[in-house]
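Here is the structure we will look at, set down as structure tokens.
No lab work stands behind these numbers, since they all come straight from the coordinates. None of the values given here were measured: they were computed from a predicted structure. Neighbour counts run over all protein chains shown; Cβ positions are idealised from the backbone, glycine included.
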Amino acid sequence: MGILEVKGVNKRFGGLQALGDVNLSVKENSVHAIIGPNGAGKSTLLNCLVGKLIPDTGSVMFDGQSVLGRAPYEINQMGISRVFQTPEIFGELSVMENMMIPCFAKRDGAFEMNAIGSVLSQKDIIEKAEAMLKDMNMADKRHMNAASLSRGDKRRLEIGMCLSQEPRLLLLDEPTAGMARADTNNTIDLLKQISDERDITIAIIEHDMHVVFSLADRITVLAQGTPLVEDEPQNIRGNPKVREAYLGESG
Amino acid sequence: MDAILLQILNGLDKGSAYALIALGLTLIFGTLGVVNFAHGALFMIGAFCAVTVQRLFSLSFETIDETQTDFLGNALKVKTPYVEAWFGPQMGGAIIDWAVPLAILFAIPIMVFVGYAMERGLIKHFYKRPHADQILVTFGLAIVLQEVIKYFYGANPIQTPAPESLSGIVNLGAIIGMDIVYPVWRVVYFLFSLLVIGGIFSFLQFTTFGMVVRAGMADRETVGLLGINIDKRFTVMFGIAAAVAGLAGVMYTPINSPNYHMGMDFLVLSFVVVVVGGMGSLPGAVLAGFLLGILESFASMNEIKSIIPGIDQIIIYVVAIIILLTRPRGLMGRKGVMED
Amino acid sequence: MLGMNKNDTRMLLLVAALTMLAPFILNPFPTDSGLAQFNAGYPDLMQRFVIFGIFAIGFNILFGLTGYLSFGHAAFLGVGSYSAVWMFKLLAMNVIPAILLSVAMAGIFALLIGYVSLRRSGIYFSILTLAFAQMSFNLAYSVLTPITNGETGLQLNLDDPRILGVSQTADGSIPVTNLFGLEMRSTFEMAVGPWAFQFNAGYYLCALILLAVFYLSIRIFRSPFGLMLKAVKSNQQRMNYTGLNTRPYTLAAFVISGMYAGLAGGLLASMDPLAGAERMQWTASGEVVLMTILGGAGTLIGPVLGAGFIKYFENIFSKINESVLHSWFSILPDGLEDLLVTLVYPFVGKGWHMTLGILFVLVVVFLPGGLVEGGQRIVSWLRSKKSDDKAANGKTEPAE
């Protein structure tokens with residue numbers, strides 16, 4: 001029994017079958033990659049996991065509880081954090097403030113009315129945020145505006161923000177899309193380190209095979225909204241079905 | 001039955017104005033993505049085009065008519081409008097009488113120019129700014145335009161009558177054997193608005209220009225990638241939207257004497273109309289305009305007001321609030337417009 | 001001090017000094033000089049400065065922090081005014097219960113309207129609030145006449161019950177608003193040479209309340225709640241995917257700012273006990289938006305500056321008429337004088353709204369951060385100029 005169990009999920013948009021009978025099981029503390037050609041339904045699947053979309057049929061269970069019908073913030077509070085394709089951070093706020101917000105969310109829950117006390121008096125939050133900035137190698141950038149960070153740093157910040165919520169499952173949506181090689185390798189190293197050092201499950205949607213094969217313990221190949229194969233990386237490489245799915249796209 | 005038909009008719013003229021303004025708002029929003037709070041001011045400027053034309057036509061010179069005398073026995077001063085002197089009294093008189101419909105010819109170039117100047121001079125700098133900034137800058141512009149008109153024309157409503165032959169009443173029910181008496185000009189206004197709406201829709205539907213614009217409304221980026229200069233066409237659409245609002249204003253003057261704040265009064269309601277119809281949907285704007293106009297007219301029936309007092313004052317807002325909450329995209333809204 | 005950092009303390013002290021010394025600051029010209037008409041140190045005008053300051057401070061908590069642009073906040077101001085006048089009619093002429101009721105009623109209205117409006121965001125939110133406000137305005141004008149007295153506006157009468165006070169005073173007139181006996185209209189005049197300064201009880205009450213709510217807004221800005229509101233403005237998506245429910249945050253901000261508006265409305269009625277529907281019109285909502293933007297939305301002191309600026313110039317500009325202009329330009333040759341008068345005239349006197357509109361457009365276009373940003377730009381420009389001078393560098397470029 002995995003920490004995330006997707007069973008028989010279907011999703012249609014008008015006449016288009018975006019997801020057809022998707023089954024997926026993500027084992028605890030593994031790195032699970034979901035790959036597939038463009039339009040295979042990867043993003044739709046991800047959106048069904050975090051509450052942005054509700055599947056027409058099927059079930060999505062996280063740690064024995066259904067996530068369906070819950071708002072994104074509730075699902076997040078259950079322990080699923082999401083990293084977006086283009087980093088979603090608080091651009092107008094400082095790096096430090098960016099890091100403090102998830103710490104508040106972890107400590108105080110979805111809503112807490114503390115309108116009088118100063119942010120600066122929240123010692124535990126500050127300590128935690130600073131420690132995470134250090135882990136992300138960003139301590140020297142704490143006063144910078146988040147919007148002025150480089151693309152790679154934005155990505156690091158976003159990952160750090162997700163981690164400071166201590167999620168049990170981290171979802172990443174093409175985390176290296178549009179990145180230069182060096183940044184991509186840094187991100188791979190960072191994710192490896194996270195998965196080695198922390199008690200965390202990672203599910204990653206990715207296009208870049210280099211990233212996938214460097215990280216994943218297990219890979220699901222999605223094609224036309226349906227899982228084609230699920231296997232270990234070395235078995236995926238030579239699988240003729242996978243080749244066909246990808247060649248079909250480029251041909 | 002008669003009463004119901006009459007209420008529907010009563011709603012049509014206000015509905016026509018809502019529909020025309022909302023159509024322009026939607027065109028601007030759909031093409032340029034700008035929320036134009038100055039659109040009501042364009043309606044108002046149109047109305048004042050009619051006022052100006054009427055005044056220009058009535059410009060007169062004075063002559064002393066020896067044949068007539070006033071009660072003191074002095075020769076009478078007679079004012080003769082220039083147009084009567086130029087075209088003869090009959091033709092000239094007719095021109096003055098038909099000032100409002102003739103004002104359309106003047107209003108179109110003026111409104112297109114005003115719209116063009118607004119877009120190039122101010123609004124184009126706001127495409128990438130937040131919607132709040134767009135609202136604020138166009139709101140400021142609306143105040144300025146309103147004050148300019150107030151400066152030149154004063155604060156009081158100015159009577160601008162319809163041509164004499166169109167200002168009576170007609171029994172519309174006669175054809176179907178009923179008794180429905182209705183002012184002629186309101187019928188004219190309704191037909192005129194249908195004409196303009198039809199014109200805009202066929203322009204968008206059947207011309208290449210319109211096709212490109214529609215494609216641009218649906219997916220600006222792709223059209224841009226095809227090497228078509230979509231921005232230029234959108235600027236033209238802004239001018240057209242301004243002209244539509246202006247025409248709505250010109251023809252509205254005989255129904256309600258124009259004053260400088262009529263634009264603001266209509267603007268709030270037109271926004272409500274756009275939202276009810278569905279942001280970015282042209283048919284939605286037209287449909288909602290007429291629907292809300294008719295609804296408002298029904299709510300002002302005495303039978304209904306006696307059940308729910310004051311309902312006529314708030315019905316449009318109540319409907320808008322209910323629609324926004326239950327059908328966030330409005331009656332015919334497209335997916336993905338202004339969501340987030 | 002008071003749990004604030006040095007900058008914030010300095011800002012609070014600055015506002016305190018400005019408000020407490022306003023009778024001096026706003027009356028720089030001797031009473032009998034020609035410029036006396038540009039004095040603004042009159043009780044009713046100064047009261048309006050601080051009351052609209054309170055309104056704008058409250059509006060800024062919503063718009064400046066969360067970015068939700070409400071076009072209906074005047075409705076809460078109106079609700080506050082009506083509530084206060086009713087308190088004067090039914091209970092007593094003491095302003096305290098009236099103000100408390102204003103704030104409470106505005107809070108309830110804000111909760112209802114906010115709960116519905118905040119289900120949508122962006123332009124839809126603006127239009128919803130606009131619709132609600134316009135609806136309240138229409139209702140106040142028509143059906144609710146028994147409560148609002150329609151077009152005439154709600155006023156005090158000689159036969160009002162006033163159960164804890166008197167219906168009329170010994171000499172048969174309507175009693176005046178007071179704070180435990182201190183009449184709001186009582187004014188102490190101090191003559192210093194040719195100057196006359198007026199110290200009004202009502203003004204100082206308003207000013208003290210302004211200081212209190214300004215302090216409160218500083219605390220909100222610096223609190224975790226304030227941080228969350230800024231985060232809502234910055235990126236709602238990230239908020240949702242960080243396990244934070246944005247709706248209660250925005251609703252709380254909406255209600256707080258609505259209560260500020262109600263407080264302002266209650267104070268307006270406490271200074272001059274009448275209330276009219278025009279206070280609720282959407283152009284009145286536009287005015288508070290303007291004050292906030294002009295001063296600098298999202299900054300602490302901006303709204304106070306904006307409110308003061310607009311109310312001051314509204315007063316001054318509308319006083320300038322043609323003869324004043326002629327006297328200004330009289331040193332110029334006749335033709336030029338007439339030309340200048342003709343050119344300037346549309347923008348002053350009754351044309352003040354035109355100036356206001358132009359100012360609005362210019363600020364949004366060139367100075368989205370308002371006066372505060374303008375001030376900062378000037379300071380940094382002066383600094384860069386100074387350092388450039390030191391370096392004897394001929395190429396000075398203004399800092400952008």
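Things to note:
- Meeting the requirement of 3 or more residues that are in contact with a Phe, Trp or Tyr (Cβ under 8 Å, 6 or more places away or on another chain), the strands (runs of 3 or more DSSP E) wholly within segment A:1-105 are A:80-83.
- The set of residues from segment A:43-80 being in contact (Cβ under 8 Å) with a residue 24 or more places away in the chain, on the phi < 0 side of the Ramachandran plot and in contact with a helix residue (DSSP H, G or I) (Cβ under 7 Å, 6 or more places away or on another chain) comprises A:Val50, A:Leu53, A:Pro55, A:Val60, A:Phe62, A:Tyr73, A:Ile75, A:Ile80.
- B:Ile307 meets all of the listed conditions (1) over 24 Å from B:Leu194 (Cα atoms); (2) within 11 Å of chain C (Cβ to nearest Cβ) but one, namely (2).
- Residue within segment A:139-153 that is crowded, with 22+ Cβ neighbours inside 10 Å and touching a residue at least 60 places away in the same chain (Cβ under 8 Å) present: no
Residues are listed down the side, and each one gets a yes or a no for (1) within 14 Å of another protein chain (Cβ to nearest Cβ); (2) more than 13 Å from the chain's Cα centre (by Cα); (3) part of a helix (DSSP H, G or I):
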position	(1), (2), (3)
C:Ala36	no, yes, yes
C:Gln47	no, no, yes
C:Phe52	no, no, yes
C:Gly58	yes, no, yes
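- Residues satisfying the stated conditions in segment B:73-100, i.e. hydroxyl-bearing (Ser, Thr, Tyr) and in a helix (DSSP H, G or I): B:Tyr82
- The set of residues from segment C:98-129 being of a type in the set (Val, Ile, Thr) and without any contact (Cβ under 8 Å) to a residue 24 or more places away in the chain comprises C:Ile108, C:Val116, C:Ile123.
- Within segment A:90-107, being surrounded by fewer than 21 Cβ atoms within 10 Å (Cβ to Cβ) and more than 8 Å from chain C (Cβ to nearest Cβ) holds for A:Ser94, A:Met96, A:Arg107.
- Annotation: C:Leu274 fulfils all but one of (1) crowded, with 22+ Cβ neighbours inside 10 Å; (2) of a type in the set (A, V, I, L, M); (3) more than 9 Å from every other protein chain (Cβ to nearest Cβ); the unmet one is (1).
- A single member of A:Leu120, A:Leu133 is within 13 Å of chain C (Cβ to nearest Cβ) and either in a helix (DSSP H, G or I) or surrounded by fewer than 18 Cβ atoms within 10 Å (Cβ to Cβ) (or both), and it is A:Leu120.
- Which listed residue is of a type outside the set (Lys, Arg), surrounded by fewer than 24 Cβ atoms within 10 Å (Cβ to Cβ) and on the phi > 0 side of the Ramachandran plot, from B:Gly227, B:Gly216, B:Gly239: B:Gly227
- Matching residues, segment C:9-28, being of a type in the set (S, T, N, Q), surrounded by 16 or more Cβ atoms within 10 Å (Cβ to Cβ) and closer than 21 Å to C:Thr299 by Cβ: C:Thr19
- Matching residues, segment A:138-153, being in contact with an Asp or Glu (Cβ under 9 Å, 6 or more places away or on another chain) and either closer than 17 Å to A:Ala182 by Cβ or hydrophobic (A, V, I, L, M, F, W, C) (or both): A:Met138, A:Ala139, A:Met144, A:Ala146, A:Ala147, A:Ser150, A:Arg151, A:Gly152
- Strands (runs of 3 or more DSSP E) fully within segment A:159-241 that include at least 3 residues being under 15 Å from A:Asn29 (Cα atoms) and within 17 Å of the chain's Cα centre (by Cα): A:169-173, A:201-205.
- Residue selected from segment B:260-304 under the condition more than 14 Å from chain C (Cβ to nearest Cβ) and aromatic (Phe, Trp, Tyr), by the criterion nearest to B:Ala245 (Cα to Cα): B:Phe290
- Some residue of segment B:133-152 being more than 8 Å from chain C (Cβ to nearest Cβ), under 20 Å from the mean Cα position of the chain (by Cα) and without any contact (Cβ under 8 Å) to a residue 12 or more places away in the chain: no
- Scanning segment A:108-117 for residues that are crowded, with 17+ Cβ neighbours inside 10 Å, closer than 20 Å to A:Met78 by Cβ and among the small types (Gly, Ala, Ser) gives a single hit, A:Ala110.
- Here segment B:34-63 is the region considered, the condition is being within 14 Å of chain C (Cβ to nearest Cβ) and more than 14 Å from B:Gly246 (Cα to Cα), and the residue that is surrounded by the most Cβ atoms within 10 Å (Cβ to Cβ) is B:Asn36.
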